[in-house]
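Q: Take a look at this one; I'll ask things after.
The values are calculated or read from the model by the stated rules, or taken from the named source; none is laboratory data. Note that the structure is a prediction, hence the values are computed from the model and not measured. Note that we place each Cβ from the backbone using ideal geometry, even for glycine, and neighbour counts take in every protein chain shown.
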Amino acid sequence: MRKEDRVAYTKRVLWPELEDRLYSEFIEWRKGGRTVRQGWFRIQSQFQFRGIYLEVNPAVFRFSNRWFRGFLGRHKISLGSITKKAQKIPSDYEVLILNWLRFNRRDSQPRRDRYWEVALKRPVGRYELSNICNLDETPLPFEYLEEKTYDLIEEKTVWVKESLGWDKRQASLVLCVFADGVPRVPPMIIFRGTGKRLGRE
């Protein structure tokens, strides 16, 4: 197929009312912070087709990859990675953070009677390098597209509300690195669930 034919095909709209309704539903769905994947477009397009074209046999409309790619191109929609996920922050998070900062500042200062002795020998207050570590937890999702959704190409921030699906029960890779370079804690994988992993999970 020539390039001119491909461009002409993408601009040709066989079911304009269907595409307008589907696009409006898509915008409303994304405004609510909900994820949209190809399955959503497939179900909604078939449902809307039956409601708009009452005198047309539903079997006439086929949700093909070719039509779907044309619809996405005409309305400037692409599959993007989620960059912001709305989460519920604890109501007392400020108190918890302040308490931790105060404790850390107070506990890290050398005692008055040994201030210069400790300050000259240890670069980080009272802490040894072996007592300082950086712990990082990286999620390992069970579903590859769990962190993706269709959105407008012009959107720079792709956000969704926190869902209650497999992302709540994903595994996590935990890495711990100490300041002195000694690997005391090996990498760990933590599996989250409801306590029924040996059965249904």
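Q: Given the criteria among the aliphatic types (A, V, I, L, M) and within 27 Å of the chain's Cα centre (by Cα), does ILE43 qualify?
A: yes
Q: Same structure again: Mind listing whichever residues of region 110-156 are closer than 27 Å to ILE189 by Cα and modelled with pLDDT under 70?
A: Within region 110-156, PRO141, PHE142, GLU143, TYR144, LEU145, GLU146, GLU147 meet the criteria.
Q: Which of the residues that make up region 42-65 are among the polar types (S, T, N, Q) and within 15 Å of PHE26 (Cβ to Cβ)?
A: GLN44, SER45, GLN46, GLN48
Q: Does THR35 count as at pLDDT below 90, surrounded by 10 or more Cβ atoms within 10 Å (Cβ to Cβ) and within 28 Å of the chain's Cα centre (by Cα)?
A: yes
Q: Still on this structure, I have one more. Could you tell me whether any residue of region 162-171 is more than 30 Å from LYS31 (Cβ to Cβ) and either at pLDDT below 70 or within 28 Å of the chain's Cα centre (by Cα) (or both)?
A: yes
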